[in-house]
Amino acid sequence: MLHLLRSAVALALVATVSHAALIVPGATWTDTAGKVIQAHGGGILKVGSTYYWHGEDKEHNSGSFRAVSCYSSTDLATWTRQTDALTPQSGTSISSSNIVERPKVIYNTKNSEYVMWFHSDSSNYGAAQLGVATSKTPCGPFTYKASWQPLGAQSRDMGIFVDDDATAYVLYASDNNQNFKIAKLDSDYRNVSSLVSTIAGSTLESPGIIKRNGVYHLFASHTTGWAPNPNKFFTASSLSGPWSSEADIAPSGTRTYFSQNTFDLPLGSNGIYMGDRWRPSLLGSSRYIWTPLSWSSGKPQIVWADVWNLDISAGTYSVVNGTSYEAEAGTIGGSAKSFSDTGFSGGKGVGYLGNGGTLSLTVQGTAGDHWIAIYHANGDGSWRNTTLSVNGGSSVSIDQPDTGSGHVVLSVPVKVTLKAGSNTLLFSSGQTNYAADIDKVIVY
């Protein structure tokens, strides 16, 4: 049986198709009111047949505490925003000038209450505490109890895990983020009772656990601030260890497809990796990356898919296939140039787009909406963007995150309306800045 760390979630646009949810990693995800979901660094809680998603509201594009949001869903696809679970309280450690991150909610049967744990901190991250709040209902509002350093040591990024026997544990980065610790909670889930394990010198944060066939799988990133890094997994037969050496859950060059682990959800014999694609300059526009997490190779690995179907009731997923169009096969205009690079599909791509350089591709479609994945490389340390016009229509701007190297390719999605038959996609026309290099486009 799979068990899960009540860790963080923050993801991809999800739409309901038949009994499956269509997931598009990196797309904008809106709630039933049409508003962008604000639940970054959050966690999933299931109560009966309803899922609750608690996370950080970053609509104000700031790291300071605005609210812990709460959304509800019966299918992990269509989410309705409920009452905010936790809001700032002046004169406390959760005021609007403080930090509240990575909220996780678990249910305590003994007291018939929901207990929220979170990273509680000062604006300069100097307090380094855990915070606790409680409620009799999943969305609260929760009553703030206290913030403190567990067992007298620092705690920053954290998560919660409840084992088979209902014993709960907190997992957290400690000692200036140098050591990673697992501590047991008391029977009320309101306090830390004892230290269970320390992974010394590991510099880990954003943890999650899936227990599978009696083996604990710990997922975490390293500490690189808001920037992504190759996330890792560790295994152990006991939470007290010993823990295996770290291993990648995705090709290291992709930096976990520009994301940071936030929640790991069991799905049948596999799982779902849920990550945040942070954008520190516009935190409210940070996107959610959900991908299948497969054990088919004997170890957990992210299965990258631009578009995939999730059937949560059946515990299955399927990758959607699209039609690929190589950039170098299109019409290259102005100052744009084709170049060779072994990191690109077909060994070629198109660069110098924007600032006079354009790319036009003819793609096939059926009448209606389509998802298009634009595969690009951006070796800058900052985001670029490209314009896109479909069949001569108005241009839209598409963000292109840095890919860590000009030789590493990642995709970003955009939803467009195509006509039946041939369609023309024009990239980077009319923009004065340079866009990222384009490898290919896949139409779904």
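Only the coordinates and a few stated rules stand behind these numbers; no lab work does. None of these values were measured; they are calculated from a predicted model. Because the Cβ atoms are built from the backbone with ideal geometry, glycine has one as well, and the counts that use them run over all protein chains shown.
Laid out as a table, the results:
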{"read-out": "Cα convex hull of region 323-443 - mean projected area over all directions, nm²", "value": "6.3 nm²"}
{"read-out": "Computed lengthening from THR137 to ASN321, 0.36 nm per intervening residue step minus Cα-Cα distance", "value": "62.1 nm"}
{"read-out": "Per-selection Rg to Rh, region 70-213 - Cα, Kirkwood hydrodynamic radius", "value": "0.96"}
{"read-out": "Gyration tensor (alpha-carbon) shape descriptor, the chain, a/c threshold 1.5", "value": "prolate"}
{"read-out": "Among SER90, LEU218, SER252 the positive-end extreme of the charge dipole of region 3-319 (Cβ point charges)", "value": "SER90"}
{"read-out": "Full-stretch length increase - ASP311, ALA146 - with 0.36 nm per residue and alpha-carbon distance subtracted", "value": "55.5 nm"}
{"read-out": "Calculated [θ] (222 nm, deg cm²/dmol) that DSSP helices of n ≥ 4 give over the chain, each run adding -39,500 (n - 2.57)", "value": "0 deg cm²/dmol"}
{"read-out": "Summed residue charge, Cβ within 15 Å of LEU22's Cβ, Lys/Arg positive, Asp/Glu negative", "value": "-3"}
{"read-out": "Share, in percent, of DSSP beta bridges within region 323-443 that are antiparallel, nearest 5", "value": "100 percent"}
{"read-out": "The chain, relative contact order [Cα under 8 Å, separation at least 6], %", "value": "13 percent"}
{"read-out": "Inter-site label distance for SER405 and GLN178 at 7 Å from Cα along Cβ, in nm", "value": "3.1 nm"}
{"read-out": "Selection from SER202, VAL162, TYR317, by position along the positive dipole direction of the chain (Cβ)", "value": "VAL162"}
{"read-out": "DSSP loop trypsin sites (Lys or Arg not before Pro) with at most 16 other Cβ within 10 Å excluded, longest remaining stretch of the chain", "value": "137-418"}
{"read-out": "Cross-link reach list, lysines versus LYS337, counting only Cα pairs under 20 Å and skipping chain neighbours closer than eight places", "value": "LYS348, LYS440"}
{"read-out": "Computed over region 323-443: relative contact order in percent, which uses C-alpha pairs under 8 Å that are six or more apart", "value": "38 percent"}
{"read-out": "Charge sum, other residues only, whose C-beta stays under 11 Å from THR223's C-beta, Lys/Arg counted +1 and Asp/Glu -1", "value": "-1"}
{"read-out": "Point-charge dipole on Cβ atoms (K/R +1, D/E -1) for region 207-330, about Cα centre, debye to 20", "value": "360 debye"}
{"read-out": "DSSP-loop chymotrypsin sites (Phe, Trp or Tyr not before Pro) across region 195-284, with at most 14 other Cβ within 10 angstrom", "value": "TRP226"}
{"read-out": "Aspartates and glutamates whose Cα lies under 16 Å from that of LYS299, excluding same-chain neighbours fewer than 8 positions away", "value": "GLU246, ASP248, ASP264"}
{"read-out": "Förster radius 35 Å - calculated FRET efficiency between THR362 and THR432 (Cβ-Cβ, nearest 0.05)", "value": "0.85"}
{"read-out": "Alpha-carbon centroid distance for the pair region 417-441 / region 224-252, whole angstrom", "value": "38 Å"}
{"read-out": "Net charge of neighbours whose Cβ lies under 9 Å from the Cβ of LEU195, counting Lys and Arg as +1 and Asp and Glu as -1", "value": "+2"}
{"read-out": "Given charges at beta-carbon only (K, R positive; D, E negative), |dipole| of region 323-443 in Debye", "value": "260 debye"}
{"read-out": "Dipole magnitude of the chain about its Cα centre (Cβ charges: Lys, Arg +1; Asp, Glu -1), debye to nearest 20", "value": "300 debye"}
{"read-out": "In range of the label at VAL303: residues from region 264-291 whose backbone nitrogen is under 13 Å from the point 7 Å along Cα→Cβ", "value": "267-273, 291"}
